[in-house]
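First comes the structure, then the notes that go with it.
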Amino acid sequence: MKDFQLIVNFKTYENATGTNALELAKIHQKVAEETGVGIAIAVQAVDLRHIAQEVGIPVLAQHFDFVKDGVHTGHVTAQALKESGAYGTLLNHAERKIELDDIEESVDLARQLGLFTIVCADTPYTGKAVAALNPHMVAVEPPELIGGDVSVCSANPQILMDAVAMIENAKVVIGAGIKSKEDVAHAIKHGASAVLVASGVIRSMHPEETLKELAQGVIEGQKGAVEHTL
Ligand code: G3P
C-alpha cells in the first residue's frame, strides 16, 4: 500500500481539469520526489486515465456511483475507475454526499476491486460511524470551512483531537481551509495520518512552491510527532 500524507483534491477547478490537470499532477509528482513526502491527488473521472498513465503518485477518483453493471446511463462505476488506473477514491465528500447504506456497499465493492477508500465525514462523530464501514481512511472536514481562509486547525483544534480519539479502525485525515505549513505540521503532529487540501494548492499562484511548503509541514509535523511520543 502506498503511503501519503498530503491529499490534494482537484475538484472541478478549471486549472485542474484536462490538460491543466495533467500539468498539475506532474508538479505534484515532482514535489513528492524532491521532498520524500507522499502526495496523492483526486481528479475528475474523465481525467483519471491520462493522468494515471503519466505519473507514479496515487491518483484517486473523487466519487463513484454504486450501481450494478448494465442500465445506468450517466453513472461512473468503480469498475471503470479501476480500469482507468485509479489507485482509490474519495467517497461521501461534502460536495458529493451519498447515503449511509451506499457508503457501506461502495466501500465493500471498492475493497473487492482493490481500490483504496477515503470516506469523508462532516464531524468526528460521523467519522466514527463511517469508520465502522471499514474504509482505509476517514477524512473529517467541517463543511462550513471548506474553501475558506480559516482552517479547521485554527478554527477548532478540538475537531482533530476528537477525530483522532474517536476513530479507531481507520487512518484519520483532516481537511477544510488548510493552506499553511503550520496547519499541516499541527495536524500531523497531533495524530492525523494525512491532510486533505484543495483551494490552498489549486488556487495558489505558485502551486509548486505551495506544495513544497505543505510538504515541509508534513516533515516538521512528523518530527514533532516523534518528539511527542518519546
Ligand atoms: O477535499 C478537500 C476539501 O474539501 C477542502 O477544500 O479548499 O478547504 O482545502 P479546501
Quick calc: nm separation of the 7 Å Cα→Cβ label points for Glu209 and Leu100 -> 4.7
For the chain, inverting the pair-averaged 1/r of distinct alpha-carbon atoms gives a Kirkwood value in Å of 17.4
Here the relative contact order (percent) of the range 107-163, from C-alpha pairs under 8 Å and at least 6 apart, is 32
From most to least accessible, 1.4 Å probe, no ligand or DNA/RNA atoms counted, Lys2, Lys68 line up as Lys68, Lys2
Scoring the chain by relative contact order with C-alpha pairs under 8 Å, at least six apart, yields a percentage of 17
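Could you please state how large a percent of the accessible area of the range 1-123 is carbon and sulfur, counting protein chains only and using a 1.4 Å probe?
Values: 2750 of 5790 Å².
The C+S portion of the solvent-accessible surface of the range 1-123 is 48 percent.
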Counting only protein heavy atoms and leaving out ligands, DNA and RNA, the solvent-accessible surface of Ile188 at a 1.4 Å probe, in Å² to the nearest 10, equals 10
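Run the numbers for Glu23 and Lys223: contour at 0.36 nm per residue of separation, minus the present Cα-Cα distance, in nm. List each step's numbers first, then the result.
Working: separation 200, 0.36 × 200 = 72.00 nm, distance 3.12 nm.
That works out to 68.9 nm of additional length.
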Probe 1.4 Å, all chains present, heavy atoms only: Leu109 accessible area in Å², nearest 10, is 30
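For the range 1-123, with only Lys/Arg (+1) and Asp/Glu (-1) charged at the beta-carbon, what is the dipole magnitude about the Cα centre, in debye rounded to 20?
Values: 10 positive and 18 negative charges, 61 e Å.
So the dipole magnitude of the range 1-123 works out to roughly 300 debye.
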The aspartates and glutamates whose Cα lies under 14 Å from the Cα of Lys30, excluding any fewer than 8 residues away in the same chain, are Glu54, Glu208, Glu209, Glu213
Links exceeding 23 Å between C-alpha atoms in this model, out of Lys11/Lys68; Lys189/Lys212; Lys2/Lys212, come to Lys11/Lys68
For the chain, dividing by residue count, accessible area per residue (probe 1.4 Å) in Å² works out to 46
Between the modelled labels at Glu182 and Gln216 (7 Å from Cα along Cα→Cβ) the distance in nm is 1.4
If the chain between Lys68 and Asn156 were fully extended at 0.36 nm per residue, the gain over the current Cα-Cα distance would be 27.6 nm
Measure of exposure for Lys11: accessible area at 1.4 Å probe, Å² rounded to 10, is 30
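The values are calculated or read from the model by the stated rules, or taken from the named source; none is laboratory data. Remember, it's a predicted structure, so these values are computed and weren't measured experimentally. So basically every Cβ, Gly included, is an ideal-geometry build from the backbone, and we count neighbours across all protein chains shown. Please note that ligands, DNA and RNA were not included when accessible areas were found on the heavy atoms of the full protein model with its side chains. Shrake-Rupley method; radii C 1.70, N 1.55, O 1.52, S 1.80 Å.
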